[in-house]
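Scroll down for the structure; my scribbles are underneath it.
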Amino acid sequence: MVRIGLMASRFLPIDRRDFLVGIGAAALGAGLTPTRAAGAAEPLTLRAKTGSLALRQAQAETPVWLLEGSSATLRVKRGNTVEMALQNDVSGPLVLNWHGLDGAPFAEPLIGQRQLQGGARTTFSMPLRHAGTLFGDVRLLAETGPPPSRALPLIVEESEAQPVDGDEVVLIEDFRLRPDGTTVGAGSDPNGTSPVYTVNGLISPDIAVHSNERLRLRFINGCQRHVVAVKIEGLELRVMAIDGQPAEPFFARNGAIVLAPGGRTDAYIDVTMPPGAAPQLLLHDGKQAHAIGKLKIEGEIVRKAPLPRAPVLPSNGLPAQLDLKSAQRFDLVLNGTEWIAPANFATSTSPAFPVKAGRVVVLALTNRAAIATVFHLHGHHFRLLDRLDDGWKPYWLDTLALQPGETQRIAFLAEYPGRYLLESTATDWAAPKLLRWYSVE
């Protein structure tokens with residue numbers, strides 16, 4: 001046992017605080033671990049290698065690529081600079097892609113990091129300016145070919161201890177399996193395969209908890225293409241952070257949160273059920289619901305009543321206001337011909353837009369595809385603007401799903417000089433991942 005079929009209508013309506021309304025839907029750590037003082041240089045060695053996961057009950061394990069660190073979840077303090085070393089022990093070239101990392105141009109895949117060939121090693125620095133939930137993977141150059149890779153969570157901890165009994169990662173990933181148990185990589189035809197979902201690399205794990213505990217659950221959508229909705233039967237999720245940035249706390253609508261691929265949501269949960277209960281962890285992928293695990297409430301009750309309402313998470317220092325009137329404005333069609341497959345990407349192409357450091361940028365994002373498309377901004381977090389362009393939603397994002405034909409406007413402060421990627425991917429397993437880039441000068 002580790003620590004940490006419902007009808008679709010029971011998930012709806014659901015939101016990632018409204019912006020995804022309508023898009024249908026290992027062992028976990030035992031708490032915080034000691035880290036160095038903030039500001040220290042911290043060495044961290046990662047290794048990409050071939051391994052396997054048990055994706056079929058009582059059958060042979062499935063070969064996959066694994067990204068390994070010193071533990072299943074890496075934890076460091078906000079303000080540290082990580083001296084990252086990456087060893088490639090797989091057969092093909094790769095780059096390490098961090099989701100949620102702001103202002104680290106030397107760590108940008110295919111820009112600061114070049115392709116790392118099999119058997120080679122590279123190093124680069126990562127300043128961790130913001131506390132929050134991040135994860136890394138080596139999928140960007142591995143589309144359609146090698147076995148899918150497991151992601152590696154990276155938790156950047158706040159300086160202040162938070163009022164929770166446990167701080168746990170819930171990494172949700174998906175695989176497409178042929179009848180013989182082999183995988184089909186994203187970006188290729190999935191016909192004849194079936195989906196399999198894992199939680200922290202396990203099939204339907206039991207998560208041991210206790211009555212009246214408060215847990216911080218860091219949900220990560222590590223799926224290749226799917227927007228998913230997740231909930232825990234009978235328990236409320238109070239959203240505290242989205243895409244690694246503190247949010248104005250709110251209870252998830254109908255107890256469910258929606259995550260675009262690459263998205264993260266931190267939620268507090270008070271275990272108000274008695275010992276012996278076993279509420280299911282449920283996932284809806286837009287077609288059907290899946291039970292992907294369950295909480296198993298055991299042992300003694302930890303306190304007589306749940307803890308009082310938790311305070312807002314401490315700010316990461318992102319600006320309270322954005323000057324939209326003087327912003328640089330650009331239109332960006334997510335399905336245009338300027339977008340390039342990762343294997344052909346080069347910064348010798350023209351940037352999608354250049355911007356002066358210190359300026360506010362407003363992007364009008366348009367999805368002309370017939371299905372939902374996910375946009376991911378590297379290097380900075382953004383605000384989702386209201387329809388009248390006179391305000392914004394009360395949270396920061398780095399990942400946004402747009403419905404077919406939809407245009408959304410986002411705004412961010414271009415704080416960090418450098419070159420950064422833009423990613424666009426349709427929410428279909430066979431859809432290619434596409435890239436552009438922008439510069440802050």
> Under 6 Å by Cβ, and 6 or more places apart or on different chains, what pairs join a residue from region 317-339 that is not assigned by TED's automatic domain parsing to the domain that holds V374 with one that is at pLDDT below 95?
Replying inline: none
> Considering only region 362-408, how many residues are part of a loop (DSSP other than H, G, I, E, B), β-branched (V, I, T) and in contact with a Lys or Arg (Cβ under 9 Å, 6 or more places away or on another chain)?
Replying inline: 0
>> Among the residues of region 123-163, what is the count of those that are β-branched (V, I, T), modelled with pLDDT under 95 and in contact with a strand residue (DSSP E or B) (Cβ under 7 Å, 6 or more places away or on another chain)?
In response: 2
> Which ranges mark the strands (runs of 3 or more DSSP E) fully within region 58-158 that have 2 or more residues being within 30 Å of A357 (Cβ to Cβ) and small (G, A, S)?
Replying inline: 132-137
> Condition test on D180, is it among the acidic types (D, E) and either surrounded by 19 or more Cβ atoms within 10 Å (Cβ to Cβ) or part of a strand (DSSP E or B) (or both)?
Replying inline: no
> When only residues in region 99-157 that are acidic (D, E) and surrounded by 22 or more Cβ atoms within 10 Å (Cβ to Cβ) count, which is farthest from F412 (Cα to Cα)?
Replying inline: D137
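The values are calculated or read from the model by the stated rules, or taken from the named source; none is laboratory data. Everything quoted here is computed from the prediction, not taken from an experiment. All Cβ positions, glycine included, derive from the backbone under ideal geometry; neighbour counts span all protein chains shown.
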